[in-house]
Amino acid sequence: MGSQTPTDSDTNAMFAAVRILDEIAKLGEEGEVCVLTGSPKVGLLSDTRVAEQFDHVLERVHATSAHLVSDGAEDEHLFPILASRLRIDGVHKVYIHQNASIESTYYTIVRAMKDPKLRAKTILPVALVLLVLGIAAAGGVLVWGVVGIAILLGVYLIFWTFDIDEAIIDSVRSASRDVRTGSVAFGFGLFSVLLVGVGFLAGYNAYTTNPHGALDALLSFFQGAMIWWVLGGLVWECGRALRRYLSLGRFPRSFVVATTSIIGIGFMSYGVIYLVQYLENPRNMAGLPLTIGFVILGLGLVIAAGILQQHFKSVMNRGSSEPASG
């Protein structure tokens, strides 16, 4: 291998090991050069093979310490494997044809990309951007492609921040399980989705029939849709609670927390909508006290839901920490 590719990093790492062996011999100590090959596929298989090869070496060579000679950042993770079996007196790195920082960064990225979840969260948005740009360019509407990318990335970041994608996947799996088992929760879930759709239609109808400015029309959209969205959320939670009751014989504690939160968010949303409308038209002061009351009531319900959640958690923790009597 050395005669075919004399500048190869693996070859030079072996030569570096021989040089270190010469230095050890000058100190009057004995040593051996052992090459651990591992596997071409970096990962668990390679680590396992390196460990097996090192165990085989230790069976034949009764060493008391060792020096690790590596050809770069790819082998840094091998140090704990070797150090757990033998004392490591030194670590030596040999870099050939590549910069150390660049190589370290490269192998860090390669290892990170082996995680399917991380790969989906990093490669997917880049692929979507290229796909949208390509379709927009082919259709001669590149400007709309840029707009679509901005919207797409915005939605993606929201999904990523709040793990909405995982929640959707869990909901789809739960719905599929409900369909197969004939659970009553599927009917509630389907009805809640229909209510959300009705909310969008009601909001759109209010938006298109509003003769005032764009902001007032947008507020009309949310004003017309919010009540349906709140009802949809309540129906969804009722279905989940009923499924738990039919399977376990009791309603879940989270049902009270969820319904209180949904109602509180609904009151707060209506209060904010009315407050913005008042700021747009300060002359209409008749509804201001009701608006403030909506905001305060909604905020109080959300805070109450949070307090209930913490109370339920503390009760569960106390129950799990108490020793079982027997």
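Regarding ARG250, is this residue over 19 Å from LEU301 (Cα atoms), assigned to a helix (DSSP H, G or I) and among the basic types (Lys, Arg)?
No, not satisfied.
To keep it simple, each residue is scored yes or no on (1) modelled with pLDDT under 80; (2) under 28 Å from the mean Cα position of the chain (by Cα); (3) assigned to a strand (DSSP E or B).
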residue	(1), (2), (3)
VAL35	no, no, no
ASP55	no, no, no
GLU74	yes, yes, no
ILE81	no, no, no
ILE96	yes, no, no
LYS117	yes, yes, no
ILE123	yes, yes, no
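Would the stretch 161-173 turn up any residue that is assigned by TED's automatic domain parsing to the domain that holds VAL193 and modelled with pLDDT of 70 or more?
yes
Please pick out the residue among GLY266, GLY271, GLY300, GLY293 that is in a helix (DSSP H, G or I) and under 21 Å from SER192 (Cα atoms).
GLY266
Out of ARG283, ARG240, report the one residue that is at pLDDT 80 or above and either assigned to a helix (DSSP H, G or I) or out of contact with any Phe, Trp or Tyr (no Cβ under 7 Å at 6 or more places or on another chain) (or both).
From the options ARG283, ARG240, the qualifying one is ARG240.
Just name the residue that is farthest from LEU157 (Cα to Cα) out of those in the stretch 125-138 that are touching a Gly at 6+ places or on another chain (Cβ under 8 Å) and of a type in the set (Gly, Ala, Ser).
Result: ALA137.
The values are calculated or read from the model by the stated rules, or taken from the named source; none is laboratory data. The structure displayed is predicted, hence computed values, not measured ones. Neighbour counts run over all protein chains shown; Cβ positions are idealised from the backbone, glycine included.
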